[in-house]
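What follows draws every value from the coordinates through simple rules; no lab data is involved. All values reported here derive from a predicted model rather than from experimental measurement. Positions of Cβ are generated from backbone atoms using ideal geometry, with glycine treated the same way; all protein chains shown enter the neighbour counts.
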Amino acid sequence: MTVAASVIERAWEAEERLLTPAVRGDAARLLELLAEGFVEIGQSGRRWTRDEIVAALASDPGLGEIEISEREARLLAPGLVLLNYLLRFDGRSSRRTSIWRCDPEPRCVFHQGTPVS
């Protein structure tokens, strides 16, 4: 496996962990995966900081059953990965984009969810 493929694989594994109720409901585990300075643009268009998203997920960690498809990944720079995918959950779909910094552990620095109509 190439270094780039290994970095991309680690980013996908971390992204998938972020989608599980066990991680979403655990502030300590979220703080391990979300970088300081993390920003999310939610499906509503709201901008969330790291602390805000950790607090919000602690009170509502579940997405229910999920399905990830249309996966794409790109190495933007050494240790910096862009992930794009389609997420289906609770009868809804959204396009998701995340940027992960892997140095050496993966930390998400940016995430955006856009509803699909």
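Just one residue in the set 113, 45, 64, 91 is surrounded by 15 or more Cβ atoms within 10 Å (Cβ to Cβ) and of a type outside the set (S, T, N, Q); that residue is 113. Among the numbered conditions (1) on the phi < 0 side of the Ramachandran plot; (2) touching a residue at least 12 places away in the same chain (Cβ under 8 Å); (3) more than 12 Å from the chain's Cα centre (by Cα), the only one that residue 52 does not meet is (2). All told, residue 74 falls short of being closer than 21 Å to residue 26 by Cβ, in a strand (DSSP E or B) and basic (Lys, Arg).
Identify, please: which residue in segment 4-23 is without any contact (Cβ under 8 Å) to a residue 60 or more places away in the chain and in a helix (DSSP H, G or I) and is, among those, surrounded by the fewest Cβ atoms within 10 Å (Cβ to Cβ)? Among those residues, the one meeting the criterion is 22.
Going through (1) in a loop (DSSP other than H, G, I, E, B); (2) polar (S, T, N, Q); (3) in contact (Cβ under 8 Å) with a residue 24 or more places away in the chain one by one, residue 94 falls short only on (1). Based on this model, can you work out whether residue 113 counts as without any contact (Cβ under 8 Å) to a residue 12 or more places away in the chain and over 15 Å from residue 9 (Cα atoms)? So residue 113 fails the test. Screening segment 24-71 for residues that are part of a loop (DSSP other than H, G, I, E, B) and in contact with a Pro (Cβ under 6 Å, 6 or more places away or on another chain) and picking the one that is nearest to residue 112 (Cα to Cα) gives 43. When we screen 44, 98 for residues that are within 21 Å of residue 5 (Cβ to Cβ) and among the small types (Gly, Ala, Ser), the only hit is 98.
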